[in-house]
Amino acid sequence: QVQLVESGGGLVQPGGSLRLSCAASANMFSIGAMGWYRQVPGKQRELVARIYSGGAINYVDSVKGRFTISRNNAKNTVYLQMTSLKPEDTAVYYCNWAIPGRDYWGRGTQVTVSS
């Protein structure tokens with residue numbers, strides 16, 4: 001059974017940085033795509049960043065230039081480095097592994113950007 005476990009969330013001041021980690025119980029990088037999503041109460045979950053098995057990466061426009069997604073194949077871990085954080089980045093961040101016909105999700109980690 002595939003498990004995804006996020007860590008690294010917390011409270012940070014505007015302009016600060018955090019690095020989220022998503023550790024998987026299996027090798028996720030050979031197929032599909034790994035992504036970070038976020039959700040605030042009352043809104044739909046949105047894709048923040050995604051890295052494909054072939055290495056292609058995309059970001060939502062609102063985080064371009066501030067967030068970086070990366071992976072460590074040996075550790076079965078994907079990261080989201082977040083810099084220049086803004087209050088509107090506050091959300092629960094979820095790790096996702098998407099393969100044909102199936103999506104796997106972590107439980108999420110809270111990120112709060114506030115002074």
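Grab the beta carbon distance between A74 and S115, set R0 = 35 Å, and tell me the FRET efficiency rounded to 0.05.
According to the calculation, E is roughly 0.40.
If a/c stays under 1.5 just call it rounded; otherwise compare a/b with b/c (prolate if a/b is bigger, oblate if not). Do that for segment 48-115, with a ≥ b ≥ c from the square roots of the Cα gyration tensor eigenvalues.
Details: a/c = 1.90, a/b = 1.54, b/c = 1.24.
Because a/c hits 1.5 or more and a/b exceeds b/c, segment 48-115 counts as prolate.
Report the gain in length on full extension from A26 to A56: 0.36 nm times residue separation, minus Cα-Cα distance, nm rounded to one decimal. Don't jump to the answer; show the numbers that get you there.
Working: separation 30, 0.36 × 30 = 10.80 nm, distance 2.05 nm.
Extra length available between A26 and A56 comes to 8.7 nm.
On the accessible surface of the chain, probed at 1.4 Å, how many percent belong to carbon and sulfur atoms?
47
Within segment 16-78, list the trypsin sites (Lys or Arg not before Pro) lying in a DSSP loop whose Cβ has at most 16 other Cβ atoms in a 10 Å radius.
For trypsin sites (Lys or Arg not before Pro) across segment 16-78 that sit outside H, G, I, E and B with at most 16 neighbouring Cβ atoms in 10 Å, the list reads K43, R45, K64, R66.
Can you tell me the equivalent ellipsoid semi-axes for the chain? Use √(5λ) from the Cα gyration tensor, largest first, whole Å.
Details: eigenvalues 104, 39, 35 Å².
Working through the eigenvalues yields semi-axes of 23, 14, 13 Å.
Kindly give the semi-axes, whole Å and largest first, of the ellipsoid equivalent to segment 1-51, taking each as the square root of 5 times a Cα gyration tensor eigenvalue.
Each semi-axis is √(5λ); the values are 23, 15, 11 Å.
Expressed as a rounded percentage, what relative contact order does the chain have, with Cα pairs under 8 Å and six or more residues apart? Show your work: numbers first, answer last.
Working: 281 pairs, mean separation 42.2, N = 115.
Rounded, it is 37 percent for the chain.
The values are calculated or read from the model by the stated rules, or taken from the named source; none is laboratory data. Note that this is a predicted model, so its numbers are computed, not measured. Note that we place each Cβ from the backbone using ideal geometry, even for glycine, and neighbour counts take in every protein chain shown. When the accessible area is computed, the model is the full protein with side chains, heavy atoms only, and any ligands, DNA or RNA have been set aside. Shrake-Rupley method; radii C 1.70, N 1.55, O 1.52, S 1.80 Å.
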